[in-house]
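Enquirer: My questions all concern the structure below.
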Amino acid sequence: MSTLQVSVYRYNAETDSAPYMQDFEIDTHGRDLMVLNILQMLKAKDSTLVFRASCREGVCGSDGMNMNGKNGLACVTPLSEVVKNNKLVLRPLPGLPVMRDLVVDMALFYKQYERIQPYLQNENPAPAIERLQSPEERDKLDGLYECILCACCSTSCPSFWWNPDKFVGPAGLLWAYRFMADSRDTATRDRLAEIDDPFSVFRCRGIMNCVNVCPKGLNPTRAIGKIRELLMANAT
Amino acid sequence: MATMRNLSFDAIIIGGGGAGLRAALELAKSGKKTAVLSKVFPTRSHTVSAQGGITCAIGSADPNDDWRWHMYDTVKGSDYIGDQDAIEYMCTEGPKAVFELEHMGLPFSRFDNGRIYQRPFGGQSKDFGKGGQAARTCAAADRTGHALLHTLYQNNLKSNTVFLNEWYAVDLVRNQKNDVVGVIAMCIETGEVVLIKSKATVLATGGAGRIYASTTNALINTGDGIGMALRAGFPVQDIEMWQFHPTGIHGAGVLVTEGCRGEGGYLINKDGERFMERYAPNAKDLAGRDVVARSMVLEILEGRGCGENGDHVMLKLDHLGEDVLLKRLPGIVELSKTFAHVDPVKEPIPVVPTCHYMMGGIPTNVHGQALTIDENGKDTVINGLYACGEVACVSVHGSNRLGGNSLLDLVVFGRAAGMYIEESLNNGFEYHEPTDSDVEASLLRLNRWNESSEGETVPDLKAELQQIMQNNFGVFRKEENMQKGVKLLAELRERIAHAYLPDKSNGFNTARIEALELDNLLEVAEATAIAALERRESRGAHSREDYPDRDDENWLKHSIYFPAEKKLGQRDVNFSPKTVDTFEPKVRTY
Amino acid sequence: MVTNITNLGRSGVSDWLIQRVTAIVLALYTVFIVAYMLFHPELDYATWSALFQRTWMRIFTLLAFLSIAAHAWSGLWIISTDYIKHAYARLGVQTFIIVALFVFVVWGVQVLWGA
C-alpha cells in the first residue's frame, strides 16, 4: 500500500469563514519521504496550499509544524517516524495565530526571544585579537547555541500557551542561558534581574514537552533549571 | 499605483543573510536610516547552512601564518581570474572582521590555549604552496554559518536595525538617469506592494543554486538579485562559473562539509581505493573543489562508482573515531543519519558532486559599488546600486572558490559596503526621484503574473528549467549540449512569459512568490548558459570537453554578460595588488 | 521584567522558594503524623489530646497551617493567572482565596490553643 492519506489544516482569511481539514491522497511509491516532500507534492497539485520552507535540511527552522500531534520540522521528519495507520495529519504549530494554512504568526515568539537580550554583552574593551576562552568554557555552550528558533518547543509548552506574553518560553530561556553560560559575557546579573519575576522563568512547570520535540535534541528544561540555580545563588 | 504606499530609507539592504546583516550592522551603528528586507526571517537565510568555517589567517593554528599565503592560495584557487586587489583586501581585512565576529559573541570552537580553532581545508598551503598543508579555517564545530548568522542577527537586534521580514523584492526602480533609486517590494503577509525609495540599494540576495535540479542550496536560493539586475539591464560577470561541491549526499543533495576531509576523512571508490592520490598527489582529498569534483566524476564515468548504479563515491570518516566526529562534526553525523541512513561513525557516506556556489555575479569594486561597462569598455559605477556576498562578483573567487572563503567574503565585503555607504551618505548623495513611469516599469512583471488567466504553471516550468541546467551545464560541459541548452532556455523564456498564476490571493501567497522567483531563475540560467557556451576554454569550475585546456591568451579575463543583447564580453582581471607583487598565472596543480 | 502585585513574595525566586520550603514542611508533618498513628495503633482521645498539649507540637502544627496557606496561595495564584484571563474576575477569585485561607489559619490557631 503506497497511497498515503494526508489531512491538512487549511485556512485563508480571504476566502474561508473558518479553518477546515482538507484530505488528500498521495502516492509515495513506497518511498520513505520527508514530510516536506509530501507538502511539495501537495502544493504541485494545489498551489494555494501554503507553508514555510527554506534549507530543507533542518538547520533554518522554517518548517516547524504539528505532524500527527507532535511538533517537528517537516524537512527532517521521515514518514516512517510519524505516519500511523497510513494517515498523516498536518496542522500549524499550536498556540500561535494562524496567518494562512500551516503558516503561523511568530511575532510573540520572537518578542520573547528579543526580551532576553540575545547578544553577548561584555563591559571590558575588546582585545586586538579574539577574547580567549578555554575548550572547557566553550563546551558549556554546547547544547545551547545550536537553537534554530523553529518554535517547536515553545508552541508545545502549555505554560507558553497560557501566557505567551509573559512567559519567555523554552526557546528564549535556552538562549538566555546560552549567554549566562558564556565566559565572555559579563551581564549575567542584569540578565537575571530582567527575568526574576513569577512569570518569565518560573512558569516552567517542568512538563518537558520542549525536550520531547526539539528537532536539534536540545534540552531547554535543563537550561531553565540552571537559570533557577543562578537566580537562587544570586538571591539576597 | 497612485495609492501605493512609499517608504524611504537612506539604505535598503535586500537580503538578510551574512552579507546583508553585516552591511546592515555597519549602517545601523552609524545611525543611518537603514532597513533590511528579507523574504524569510533572517536566521532562515542560506548562510545558516554553511558548515566548515571561515578561512582567515588569524595565526591561531600556526602563529606564523601569513595573509599573503592565504592570498596566494585564493589566487591560485581562482585559476587566476580572481581580482588580486580584491583578494588582497579580503585577506588583509579578514582577521579584523573575524575578531569582530568573535567579540560579537560567535561561539567559535577553541584550541587548548583559548584561541579560535582552525582546521585544514582544501587548497590551503603555507609559504606560497611550498610549506605543505595549512590549517586556516576558523570553525564553530560544523555549524559555523549557523553560529555566524545568528550572531549577526542578534547584534543587529542590539543595534536596533529595522527589519522588513518576509518581504519580497520584486524589481529595482531606476530613474531617468538610470540610477537605482529604490525597489518595488511586497509584504508577503498582506500582499501589499510598496515603493521603497532609498539613496543606496544593496543587493545581498545570495546565490541561485536552484537553477540546478540537484543542489546543496536552500529552496530560497533563486537568484533574485541577479534577476533584478539583469532585468534592469545591468551586466553580470563570470556567471558561467558554478562550483560543484564534491560532497553532496547522494540522492538528497544535502551538503557534507569539506571540513570532513580537513579533519582527515577521504574519498574512496568502489574498490575502496583512495583515488584522489592519483589525481592530486600532494594535496590529495584537499585539492581545490573543482579538481576533486572532476576526479569524482571521472571515477564514476570510468566505472569505479559505488552503489547499484555506480553513480556515486564514498566519503570515509569512520577511522577518525567517534570522539572526533561528535566533537568536530556533530552536524554531519546528524545529517548523514537523516538523509543517507548511514552512521558515519561506522560506515562511509555516499556522496556526489552537487551544485553549491555561484562564483559569478554582479561586478563590484571593493566598496560594494555595482559596476557596468561603458561603450569604451571602461568600468562605470551604477549610482545607487551596491552588491555584496554571493550575488556579487568582486571578484575574490574567480573561477573556483576555496572552501571557507565565502563566509569571509560575506563579512569582509558586507562590512566594506556598509562603511562605504555610510561615508557616501555623509558626503551627500545626489538623488533624483523616480517618475511615475519609472515606477510603472518596475511593476510590469508583477502585473503580468497578476493578470495571467491561462497557461502553463510554475512548478512544471521550474522543474524543466532545472533539468535543462542539470543535463547540459554540469561538471563537464560540451558544446553541442550547451547549444541545445541555450535553445531550450530561449523556448522556455517564451513559455514562462505566458505562464499562469492560478492563485491571486493577497495574504501569504507563496505561489506568487514562486512565480516571481521563476523569472529570476530563468535570468540566471540563461546568462549561465550563454556565458558557458561562449567561454571557449577550461578554467576552474568551467570544464569543457572540447576545450580541455586553460587559454590564458584569450581568456585570462572576466566574462561579462550583457542582458539586452544577450552577448558575452570581456573585462580585465586586476593583477595589481597594492602591497605585494602580482601573483603571475602558473600551471595549477595540487 | 513582568511586574506583578498579587503574588505572594516579591519575586519569582521567593515564590518558588516559598513553595518548595512549605512543601518540605508539609511533607515532614505528614510523615510525622502517619508515623505517629502507625506507632499508636490503639490511638484514643487522651493520647491524641496529650500530643497537642505539647508546645513543640503546637508550633509544628501552626507551621504546617501557615505552610498550607502559603503553598495554596502560590499554587492557586498560578492557576488563577493561567486560566482566568478576565482581570476583575481573577481579582475576585484571588480575594476569595486569600480571605478563605486567612479564615482557615485563624480558625486553626483557635483550635490549637483553644482546646
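The values are calculated or read from the model by the stated rules, or taken from the named source; none is laboratory data. Fair warning: this is a prediction, and the values are worked out from it, not measured in the lab. Positions of Cβ are generated from backbone atoms using ideal geometry, with glycine treated the same way; all protein chains shown enter the neighbour counts. Accessible surface is based on the protein model in full, side chains and every heavy atom, while ligands, DNA and RNA are left aside. Shrake-Rupley method; radii C 1.70, N 1.55, O 1.52, S 1.80 Å.
Enquirer: Looking only at the stretch B:303-322, which residues are among the polar types (S, T, N, Q) and outside any loop (DSSP other than H, G, I, E, B)?
Expert: Of the residues in the stretch B:303-322, the ones among the polar types (S, T, N, Q) are B:309.
Residues satisfying the conditions do not exist here.
Enquirer: Can you pull out the residues in the stretch C:69-115 that are in contact (Cβ under 8 Å) with a residue 12 or more places away in the chain, over 15 Å from the mean Cα position of the chain (by Cα) and open to solvent by 70 Å² or more (accessible area, probe 1.4 Å)?
Expert: Of everything in the stretch C:69-115, those that are in contact (Cβ under 8 Å) with a residue 12 or more places away in the chain, over 15 Å from the mean Cα position of the chain (by Cα) and open to solvent by 70 Å² or more (accessible area, probe 1.4 Å) turn out to be C:LEU91, C:TRP113, C:ALA115.
Enquirer: A further question on this structure: Across the stretch A:126-143, which residue is nearest to B:TYR117 (Cα to Cα) among those that are part of a helix (DSSP H, G or I) and not acidic (Asp, Glu)? Reasoning before the result, please.
Expert: First pass over the stretch A:126-143, keeping only residues part of a helix (DSSP H, G or I): A:135-139.
Among the residues that remain, those that are also not acidic (Asp, Glu) are: A:135, A:138.
Numbers: A:PRO135: 9, A:ARG138: 11 Å.
By that ranking, first place goes to A:PRO135.
Enquirer: Hey, another quick one. Right, B:ALA417: hydrophobic (A, V, I, L, M, F, W, C) and either open to solvent by 50 Å² or more (accessible area, probe 1.4 Å) or not in a strand (DSSP E or B) (or both) or not? Step through it out loud before you land on a result.
Expert: Details: hydrophobic (A, V, I, L, M, F, W, C): yes; either open to solvent by 50 Å² or more (accessible area, probe 1.4 Å) or not in a strand (DSSP E or B) (or both): yes.
Answer is yes for this residue.
Enquirer: Shifting gears a bit: Quick check on B:GLU523: is it within 14 Å of chain A (Cβ to nearest Cβ), in a helix (DSSP H, G or I), open to solvent by 10 Å² or more (accessible area, probe 1.4 Å) and under 22 Å from B:VAL236 (Cα atoms)? First the steps, then the outcome.
Expert: Numbers: within 14 Å of chain A (Cβ to nearest Cβ): no; in a helix (DSSP H, G or I): yes; open to solvent by 10 Å² or more (accessible area, probe 1.4 Å): yes; under 22 Å from B:VAL236 (Cα atoms): yes.
In short, no.
Enquirer: Consider only pairs whose beta carbons are under 9 Å apart and that are at least six residues apart or on different chains; among these, list those whose first residue lies in the stretch B:319-332 and is on the phi > 0 side of the Ramachandran plot and whose second residue is open to solvent by less than 60 Å² (accessible area, probe 1.4 Å) and aliphatic (A, V, I, L, M).
Expert: Pairs found: B:GLY321/B:VAL345.
Enquirer: Would you be able to tell me the number of residues in the stretch B:260-272 that are under 15 Å from B:HIS312 (Cβ atoms) and assigned to a loop (DSSP other than H, G, I, E, B)?
Expert: 4
Enquirer: Please count how many residues of the stretch B:448-462 are within 30 Å of B:VAL180 (Cα to Cα) and surrounded by 13 or more Cβ atoms within 10 Å (Cβ to Cβ).
Expert: Restricting attention to the stretch B:448-462, the residues satisfying the condition of being within 30 Å of B:VAL180 (Cα to Cα) are B:448-452, B:458, B:462.
Next cut, surrounded by 13 or more Cβ atoms within 10 Å (Cβ to Cβ) only: B:448-450, B:452, B:458, B:462.
Residues in the stretch B:448-462 being within 30 Å of B:VAL180 (Cα to Cα) and surrounded by 13 or more Cβ atoms within 10 Å (Cβ to Cβ): 6 in total.
Enquirer: So which of B:SER159, B:SER214 is closer than 30 Å to A:ILE129 by Cβ, out of contact with any Pro (no Cβ under 6 Å at 6 or more places or on another chain), surrounded by fewer than 23 Cβ atoms within 10 Å (Cβ to Cβ) and within 14 Å of chain A (Cβ to nearest Cβ)?
Expert: On the way: B:SER214 fails: closer than 30 Å to A:ILE129 by Cβ.
The match here is B:SER159.
Enquirer: I'm checking my understanding of the structure. Among residues of the stretch A:56-70 that are at positive phi and within 14 Å of another protein chain (Cβ to nearest Cβ), which one is nearest to the chain's Cα centre (by Cα)? Talk me through it step by step, then tell me what you get.
Expert: If we filter the stretch A:56-70 for residues that are at positive phi, which is where we start, we get A:56, A:58, A:61, A:68-69.
Going one step further and asking which of them are within 14 Å of another protein chain (Cβ to nearest Cβ), we end up with A:56, A:58, A:61.
Details: A:ARG56: 16, A:GLY58: 12, A:GLY61: 7 Å.
Per the criteria, the residue is A:GLY61.
Enquirer: Let me ask something else about it. Out of the residues in the stretch A:197-214 that are surrounded by fewer than 21 Cβ atoms within 10 Å (Cβ to Cβ), in contact (Cβ under 8 Å) with a residue 24 or more places away in the chain and in a loop (DSSP other than H, G, I, E, B), which is nearest to the other protein chains (Cβ to nearest Cβ)?
Expert: A:ARG205
Enquirer: Here's another thing I want to ask about it. For the stretch B:485-502, state whether one or more residues are touching a Lys or Arg at 6+ places or on another chain (Cβ under 7 Å) and of a type outside the set (S, T, N, Q). Please lay out each step first, then the result.
Expert: So the first thing to find is which residues in the stretch B:485-502 are touching a Lys or Arg at 6+ places or on another chain (Cβ under 7 Å), and the list is B:501.
Imposing the further condition that a residue be of a type outside the set (S, T, N, Q) reduces the set to B:501.
Yes, there is a match, as at least one residue in the stretch B:485-502 is touching a Lys or Arg at 6+ places or on another chain (Cβ under 7 Å) and of a type outside the set (S, T, N, Q).
Enquirer: May I ask you to list pairs of residues, at least six apart or on different chains, whose Cβ atoms are under 6 Å apart, with the first in the stretch A:80-100 being closer than 15 Å to A:ILE26 by Cβ and surrounded by fewer than 21 Cβ atoms within 10 Å (Cβ to Cβ) and the second being among the β-branched types (Val, Ile, Thr) and modelled with pLDDT under 95?
Expert: Nothing qualifies.
Enquirer: Report, by residue number, each residue of the stretch A:158-177 that is within 12 Å of chain C (Cβ to nearest Cβ) and under 14 Å from A:THR221 (Cβ atoms).
Expert: A:PRO158, A:SER159, A:PHE160, A:PHE167, A:VAL168 - these are the residues of the stretch A:158-177 that are within 12 Å of chain C (Cβ to nearest Cβ) and under 14 Å from A:THR221 (Cβ atoms).
Enquirer: Further question: Is there any pair linking a residue in the stretch A:124-136 that is assigned by TED's automatic domain parsing to the domain that holds A:PHE179 and within 21 Å of B:GLY94 (Cα to Cα) to one that is surrounded by 14 or more Cβ atoms within 10 Å (Cβ to Cβ) and among the β-branched types (Val, Ile, Thr), with Cβ under 7 Å and at least six apart or on different chains, and which?
Expert: Going by the 7 Å Cβ cut-off, the qualifying pairs are A:GLU130/B:ILE116.
Enquirer: I'd like the residue in the stretch A:1-18 that is surrounded by 16 or more Cβ atoms within 10 Å (Cβ to Cβ) and within 21 Å of A:PRO97 (Cβ to Cβ) and, out of all such residues, is nearest to the other protein chains (Cβ to nearest Cβ). Show your work before the answer.
Expert: Filtering the stretch A:1-18 for residues surrounded by 16 or more Cβ atoms within 10 Å (Cβ to Cβ) gives A:4, A:6, A:8-12.
Subsequent filtering for residues that are within 21 Å of A:PRO97 (Cβ to Cβ) retains A:8-12.
Numbers: A:VAL8: 14, A:TYR9: 14, A:ARG10: 12, A:TYR11: 10, A:ASN12: 6 Å.
Only one residue tops the list, namely A:ASN12.
Enquirer: For the stretch A:150-169, what are the residues that are crowded, with 24+ Cβ neighbours inside 10 Å and part of a loop (DSSP other than H, G, I, E, B)?
Expert: A:CYS150, A:ALA151, A:CYS152, A:CYS153, A:CYS157, A:PHE167, A:VAL168
Enquirer: Of all residues in the stretch A:40-55, count the ones that are part of a loop (DSSP other than H, G, I, E, B) and facing another protein chain (nearest Cβ under 7 Å).
Expert: From the stretch A:40-55, those part of a loop (DSSP other than H, G, I, E, B) are A:46-55; that's our starting set.
Then keep just the ones that are facing another protein chain (nearest Cβ under 7 Å); that gives A:47-48, A:50, A:53-55.
Of the residues in that region, 6 qualify.
Enquirer: Filter the stretch B:36-57 down to residues that are under 17 Å from B:ALA387 (Cβ atoms) and among the hydrophobic types (A, V, I, L, M, F, W, C) and give me whichever is nearest to the other protein chains (Cβ to nearest Cβ).
Expert: B:VAL36
Enquirer: I'd like the residue in the stretch B:70-109 that is of a type in the set (Val, Ile, Thr) and farther than 28 Å from A:ARG131 by Cα and, out of all such residues, is surrounded by the most Cβ atoms within 10 Å (Cβ to Cβ).
Expert: As a first pass, look at the stretch B:70-109 and keep what is of a type in the set (Val, Ile, Thr): B:74-75, B:81, B:87, B:92, B:98.
Then keep just the ones that are farther than 28 Å from A:ARG131 by Cα; that gives B:75, B:81.
Numbers: B:VAL75: 26, B:ILE81: 28.
Filtering the stretch B:70-109 for residues that are of a type in the set (Val, Ile, Thr) and farther than 28 Å from A:ARG131 by Cα, the one surrounded by the most Cβ atoms within 10 Å (Cβ to Cβ) comes out as B:ILE81.
Enquirer: Next question. Report whether or not B:ILE226 is within 26 Å of B:VAL458 (Cα to Cα), part of a loop (DSSP other than H, G, I, E, B) and either in contact with a helix residue (DSSP H, G or I) (Cβ under 6 Å, 6 or more places away or on another chain) or open to solvent by 10 Å² or more (accessible area, probe 1.4 Å) (or both).
Expert: Working: within 26 Å of B:VAL458 (Cα to Cα): yes; part of a loop (DSSP other than H, G, I, E, B): no; either in contact with a helix residue (DSSP H, G or I) (Cβ under 6 Å, 6 or more places away or on another chain) or open to solvent by 10 Å² or more (accessible area, probe 1.4 Å) (or both): yes.
Against the criterion (within 26 Å of B:VAL458 (Cα to Cα), part of a loop (DSSP other than H, G, I, E, B) and either in contact with a helix residue (DSSP H, G or I) (Cβ under 6 Å, 6 or more places away or on another chain) or open to solvent by 10 Å² or more (accessible area, probe 1.4 Å) (or both)), B:ILE226 does not qualify.
Enquirer: Moving on to the next point. Take the residues in the stretch A:28-37 that are surrounded by fewer than 23 Cβ atoms within 10 Å (Cβ to Cβ) and touching a helix residue (DSSP H, G or I) at 6+ places or on another chain (Cβ under 9 Å); name whichever of them is farthest from the other protein chains (Cβ to nearest Cβ).
Expert: Within the stretch A:28-37, the first condition is being surrounded by fewer than 23 Cβ atoms within 10 Å (Cβ to Cβ), and the residues that meet it are A:28-33, A:36-37.
If we keep only those that are touching a helix residue (DSSP H, G or I) at 6+ places or on another chain (Cβ under 9 Å) as well, we get A:28, A:31-33, A:36-37.
Values: A:THR28: 15, A:ARG31: 11, A:ASP32: 9, A:LEU33: 11, A:LEU36: 9, A:ASN37: 10 Å.
By that ranking, first place goes to A:THR28.
Enquirer: For the stretch B:528-566, enumerate the residues that are surrounded by fewer than 16 Cβ atoms within 10 Å (Cβ to Cβ) and of a type in the set (Gly, Ala, Ser).
Expert: Result: B:ALA564, single match.
Enquirer: Just wondering, is there one or more residues in the stretch B:560-578 that are in a loop (DSSP other than H, G, I, E, B), over 30 Å from B:GLY403 (Cα atoms) and within 14 Å of chain A (Cβ to nearest Cβ)?
Expert: No: the stretch B:560-578 contains no residue that is in a loop (DSSP other than H, G, I, E, B), over 30 Å from B:GLY403 (Cα atoms) and within 14 Å of chain A (Cβ to nearest Cβ).
Enquirer: Taking the options B:THR257, B:THR205, B:THR247, name whichever one is in a loop (DSSP other than H, G, I, E, B), under 20 Å from B:GLY404 (Cα atoms), of a type in the set (S, T, N, Q) and open to solvent by less than 10 Å² (accessible area, probe 1.4 Å).
Expert: Numbers: B:THR205 fails: open to solvent by less than 10 Å² (accessible area, probe 1.4 Å); B:THR247 fails: in a loop (DSSP other than H, G, I, E, B).
Of the residues listed, the single one that is in a loop (DSSP other than H, G, I, E, B), under 20 Å from B:GLY404 (Cα atoms), of a type in the set (S, T, N, Q) and open to solvent by less than 10 Å² (accessible area, probe 1.4 Å) is B:THR257.
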